[in-house]
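Below: one structure, written as structure tokens.
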Amino acid sequence: MEQHMNGQSPETGIRNLSKFCQAVRDGLTLEESAVEMKAAECFIHEAMEVIIDEAVKKATDVQEKVCEWHSPEQLKELLDLELKDGGESDSKILQRCKNAIRYSVKTSHPRFFNQLFAGLEPYSMVASFIIEAVKTSLYTYEVAPVFTLMEDAVLKKMMELIGWDEGGDGIFNPGGSISNMYAVSLARYRFCPDIKEVGFYDAPRLVMFTSQEGHYSISKAAALLGFGTKNVYVVPSDNRGKMIPAALEEKIELARSEGAVPLLVNATAGTTVFGAFDPVDKIADICERHSLWLHVDACWGGAALLSNEHKHLLKGITRADSVAWNPHKMLMACLQCSAFLVKDKMGLLQRCHSAKASYLFQQDKFYDVSYDTGDKSVQCSRKPDAFKFWLMWKALGSTELERRVDKALAMARYLAQEVKKREGFRLLMEPEYANVCFWYFPPALRDIPDGPELWRKLHTVAPVVKERMMKTGSMMIGYQTHGDKPNFFRMVVINPQVSKKDLDFVLNEIHNLGKDLR
């Protein structure tokens, strides 16, 4: 700020700024251009106080609610969503900021377990603020020199953890679904580069393979990229949720017998529901025999690579052609922070997606244009999301990141043991990662023998308990059905703020909210 540049201390600067804010509100300043900038500074300063108080302090306080539930119609009324011709005062806008935070779900709360992301990561949050303040796009070195180099450094470190000692290539993008689409796009281009120019005209019927537990984005990629969802062959998984290699072989042979050309296998390292890890090494053997592109969706499970204790879960990942990994999940970087990494070092990513826009990617620039990475991307504008991961990694170091992963998995094991001890609770399976899936049986259901009647009644329990927990705001946990299994709770442990006391609270609260159900 201007005060700081004049040699004043931050505290003096803030006091002076506060006085100036009042002057602006009272209309005492005469220079209009200065007023506009100073008014902006005042507003940002006051808004940051709101953010710290409401979205940081209160949102992480275990005594506060995880959410303040209202129906859509009630919330529309509370928020006054109509956009009008005239603007509102800053004081009213600040109140709207408070309301936006107040009525949002507090995903950084110690008792939020609903998604594959959770918790407050302060360094990543500060990086997010800087990204918005600097307001640049990561397509050329000339407009984003700092963030271009940071992205490169982060990608290289992630490749090192995967085990690609000779390097590779990669790019950050908006989410794991897009990363998986990149894999499909690259596999197709490597197999048939003419498709980029001539399309599917006269091309063979290309097919992909993924497990029944694989992420739905593979089917979305098939739809978006023109393969068609019927050309995604679903491979059976075992009772732990892992792809069965022998079944993959059978599906590949079936596809060939139907006149299709196998192209890609999507293996999953950390499935969404069970947190299962496909046997990547065995799948890689099959891909090598059949000359198929091996993509590993490690969006959820990639963090285990940082842990000496748990990296065995991803055995064989170094043999993958491409990997998707979301630091915004287990590693808690602020949303969104998603990397796509490819083993190829010969410019496949660039050749596949390049459009050579002459207004951005001039080849006669005065610096090394290899740092203009935007032509690798299917996007034009692209946020420097890697900065969020870079800054927190610099602040914490690999050792602390490893500790976070190890603690999360230890807490998940603790929860599983507590589930097994308690009357009325039953695990679906021992957790392999941080996903703990279990049923709660209210007292009225505990004497009913296993069978259709029990499953029918049990199926209704989790939805009612979920409704009650959201309306009280005490916590948030996901539930779902799976195959022929009735609804169960799927709890995901990530946040390092979570204590054994919080996990005990979850089981106690589920019982308190559901003990009257029949």
Local electrostatic count at Gly374 - Lys and Arg +1, Asp and Glu -1, tallied over other residues with Cβ under 15 Å: -2
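What's the ranking of 63-69, 380-386, 401-407 by average number of surrounding C-beta atoms within 10 Å, highest first?
Values: 63-69: 16.7, 380-386: 20.7, 401-407: 18.6.
Peptide ranking by packing, descending: 380-386, 401-407, 63-69.
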In Å², and per residue, what accessible area does region 137-383 have when probed at 1.4 Å with the other protein chains present? 42 Å²
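Counting only protein chains, not ligands or nucleic acids, how are Ser91, Ser71 ordered by accessible area (probe 1.4 Å), most first?
Details: Ser91 85, Ser71 35 Å².
Result of the area sort, largest leading: Ser91, Ser71.
How do Arg240, Arg456 stack up against each other in accessible area, from largest to smallest, with a 1.4 angstrom probe?
Working: Arg240 70, Arg456 145 Å².
Largest accessible area first, the residues go Arg456, Arg240.
Would you mind telling me the antiparallel percentage of the DSSP bridges in region 137-383, rounded to 5?
Details: 11 of 28 bridges.
The antiparallel proportion sits near 40 percent.
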At 7 Å along Cα-to-Cβ for each site, give me the label-to-label distance between Arg205 and Arg351 in nm. 2.9 nm
Accessible area of Glu430, 1.4 Å probe, to the nearest 10 Å²? 80 Å²
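Residue separation times 0.36 nm, minus the C-alpha to C-alpha distance between Trp455 and Thr472: what's the value?
On the way: separation 17, 0.36 × 17 = 6.12 nm, distance 2.68 nm.
Between Trp455 and Thr472, full extension yields an extra 3.4 nm.
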Region 418-433 - phi-based ³J(HN,Hα) in whole Hz, Karplus 6.51/-1.76/1.60, Gly and Pro as x: 5, 4, 5, 7, 8, 5, x, 10, 9, 6, 6, 6, 5, x, 8, 10
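Determine the calculated [θ] at 222 nm for the chain from helices alone, applying -39500 (n - 2.57) to every DSSP H run no shorter than 4 residues and normalising by the residue count; nearest 500 deg cm²/dmol.
Values: 17 runs with 221 residues, N = 518.
Theoretical 222 nm ellipticity from helices: -13500 deg cm²/dmol.
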Keeping all protein chains in place and using 1.4 angstrom, which order do Tyr201, Tyr189, Tyr371 fall into by accessible surface area, from largest down? Tyr201, Tyr371, Tyr189
Please compute the net charge surrounding Lys383, taking Lys and Arg as +1 and Asp and Glu as -1 over other residues with Cβ under 11 Å from its Cβ. 0
Determine how large the accessible area of Thr210 is when every protein chain is in place; take a 1.4 Å probe and give Å² rounded to the nearest 10. 10 Å²
Within straight cross-link reach of Lys466, meaning Cα distance under 17 Å, which lysines are found once same-chain residues fewer than 8 apart are removed? Lys65, Lys106, Lys457, Lys515
HN-Hα J in Hz across region 152-166 - Karplus 6.51, -1.76, 1.60, θ = phi - 60°, x for Gly and Pro: 4, 5, 5, 4, 5, 5, 5, 5, 4, 5, 5, x, 7, 4, 8
For Lys420 and Lys315 in the same chain, what is the full-extension length gain: residue separation times 0.36 nm, less their Cα-Cα distance, in nm? 34.9 nm
If you roll a 1.4 angstrom probe over the protein chains with everything in place, what fraction of the accessible area of the chain belongs to carbon and sulfur, to the nearest %? 54 percent
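Kindly state, to the nearest 0.05, the FRET efficiency for His45 paired with Asp165, given R0 = 41 Å and r defined as their beta-carbon distance.
Details: r = 48 Å, r/R0 = 1.18.
Calculated value: 0.25.
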Take every DSSP beta bridge whose two residues both sit in the chain, then give the antiparallel share in percent to the nearest 5. 55 percent
Mind listing the phi-derived Karplus ³J(HN,Hα) values for region 436-451, rounded to whole Hz, using 6.51, -1.76 and 1.60 with θ = phi - 60°, and x for any glycine or proline? 10, 10, 7, 9, 10, 10, x, x, 5, 9, 6, 9, 7, x, 4, x
The aspartates and glutamates whose Cα lies under 14 Å from the Cα of Lys365, excluding any fewer than 8 residues away in the same chain, are Glu142
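The values are calculated or read from the model by the stated rules, or taken from the named source; none is laboratory data. Keep in mind it's a predicted model, so treat the numbers as computed, not measured. Cβ atoms come from the backbone with ideal geometry, glycine included; neighbour counts cover every protein chain shown. What goes into the accessible areas is simple: the full protein's heavy atoms, side chains included, and nothing from ligands, DNA or RNA. Shrake-Rupley method; radii C 1.70, N 1.55, O 1.52, S 1.80 Å.
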